[in-house]
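The values are calculated or read from the model by the stated rules, or taken from the named source; none is laboratory data. Being a predicted model, the structure only gives us computed values, none of them experimental. Cβ atoms come from the backbone with ideal geometry, glycine included; neighbour counts cover every protein chain shown. SASA here: full protein model, heavy atoms, side chains in, ligands and nucleic acids out. Shrake-Rupley method; radii C 1.70, N 1.55, O 1.52, S 1.80 Å.
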Amino acid sequence: MAAFDPEKEIPRHIAIIMDGNGRWAKDRGKPRREGHRVGAASVEAALETCGEIGVEYLTLYAFSAENWKRPETEITALMGLMTHFLKEKTPKLMANNIRLQVIGQIDRLPESNRAALEKTIAKTVNNDGLTLVVALSYGSREEIVEATRKLMEKAIDGEVDPGKLDNELFAQHLDTASIPDPDLLIRTSGEFRISNFLLWQISYAEIVITNTFWPDFRRQHLLDAIGEYQSRQRRFGGI
Ligand code: IPE
Ligand code: IPE
Ligand code: MG
């Protein structure tokens, strides 16, 4: 694997499918919740590393639309950990000039979570360092269908001319409207799938899959993934 080189191109936007918390815990004879808890320290490490090397956007897949299928005890534990993390880490987000955004069906989240999120989003709105985008109750197909619904409504109202619909106009109706496409997509825990994450946006992302479980994924693992990205030749269909 090619080593990270701070002189080479730094991906502007990194998206991570943070996977393997449950298996990490199972390997240690611990409850799944413990994997999620330790995974929060990996989130902090990713934020620090991205801030330090000048990544502009970090998108973290924290909870998928399909994750609502999990047992209620696990969902409650995850939501509790997320609210706790937000409350505890907001001063650090402020100190490091990090802005928080969310994508996904936020209205499906418990009220206490939404309140904590909205508070931190409002507080960090003027920070202009790293943007942390958290995908919560996020499903890419749901996002695409919702964008289509908005466009159809605008067409009916005469605000949008169907003949003028193009990639750019469509992208403006996604949750990620203000966010550039990811350059690098990382999935931890060795699973080779996308799991309904940013299907539209990753059209030309470089994909790095690592066997490391998310709770073990720290600074050096992230730098290694970026090193791998830096060794790739992106062609975007050209030669
Ligand atoms: C990722 O770890 C966290 C979420 C999906 C919320 P998992 O909980 O999926 O862990 P594994 O894949 O079962 O090991
Ligand atoms: C994807 O992981 C979702 C998140 C990391 C939040 P999952 O563990 O839910 O994905 P599958 O079920 O293995 O595809
Ligand atoms: Mg998983």
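Checking the a/c ratio against 1.5 first, then a/b against b/c, what shape does the Cα gyration tensor give for the stretch 1-98? Here the stretch 1-98 falls in the prolate category. Database remark: amide H of R99 closer than 5 angstrom to the amide H of G129, L130, T131, L132 (H placed geometrically; neighbours at sequence offset of 5 or more, or on other chains; Pro and chain starts carry no H).
For L58, neighbours were defined as the other residues whose beta-carbon sits under 15 Å from its Cβ, and their charges (Lys and Arg +1, Asp and Glu -1) total 0.
For the chain, modelled as a GNM whose springs connect Cα atoms under 10 angstrom apart, the maximal fluctuation among E66, E153, E143 occurs at E153. Legend: calculated FRET efficiency, W68 to Q220, from the Cβ-Cβ distance at R0 = 30 Å, rounded to 0.05, equals 0.35. Estimated at the nearest 10 Å², the accessible area of F197 is 0 Å² with a 1.4 Å probe. The residues of the stretch 13-230 present an accessible area of 49 Å² per residue when probed at 1.4 Å with all protein chains retained. Between R234 and N126, residue separation times 0.36 nm minus the direct Cα-Cα distance comes to 35.6 nm. Is the stretch 175-239 rounded, prolate or oblate when judged by the Cα gyration tensor, a ≥ b ≥ c being the square roots of its eigenvalues, rounded requiring a/c under 1.5 and prolate requiring a/b larger than b/c? Oblate is the answer for the stretch 175-239, as a/c is 1.5 or above yet b/c matches or exceeds a/b. What you get for the chain, charging only the Cβ of Lys and Arg (+1) and of Asp and Glu (-1), is a dipole of about 820 debye around the Cα centre.
Taking 0.36 nm per residue of separation and subtracting the current Cα-Cα distance, fully stretching the chain between R193 and A115 would add 24.9 nm. In the elastic network of the chain, a GNM with C-alpha springs shorter than 10 Å, the most mobile of R28, R12, R114 is R28.
Note that the stretch 8-25 has calculated 3J(HN,Hα) couplings of 7, 4, 9, x, 6, 9, 10, 10, 10, 8, 7, 10, x, 4, x, 5, 4, 5 Hz, one per residue in order, obtained from phi through the Karplus relation 6.51 cos²θ - 1.76 cosθ + 1.60 (θ = phi - 60°); glycine and proline are x.
For the pair N97 and E52 in one chain, pulling the backbone fully straight at 0.36 nm per residue adds 15.0 nm over the alpha carbon distance. For the stretch 90-239, averaging the sequence separation of C-alpha pairs within contact (under 8 Å, six or more residues apart) and dividing by the residue count gives a relative contact order of 19 percent. Converting phi to 3J(HN,Hα) with the Karplus coefficients 6.51, -1.76 and 1.60 and the offset θ = phi - 60°, the stretch 166-177 yields 9, 3, 5, 5, 4, 4, 5, 9, 8, 4, 8, 3 Hz in sequence order, with x at every glycine or proline.
Rolling a 1.4 Å probe over the protein chains gives S231 an accessible area of about 70 Å². Among K69, K119, K30, the largest mean-square fluctuation in a Gaussian network model of the chain (Cα springs under 10 Å) belongs to K69. Look at the dipole of the chain built from charges on Cβ: of N196, P6, F217, the Cα furthest out on the positive end belongs to F217. Taken over the alpha carbons of the stretch 13-230 as equal point scatterers, the Debye sum produces base-10 log I(q)/I(0) values at 0.08, 0.14 Å⁻¹ of -0.29, -0.88. The lysine pair tally for the chain, using Cα distances under 26 Å and a gap of 8 or more places or different chains, is 12. The accessible-area ordering, largest first, of the residues T148, T131 stands as T148, T131, per a 1.4 angstrom probe.
Look at where the Cα atoms of the stretch 1-67 and of the stretch 166-239 average out, and the two centres are 12 Å apart.
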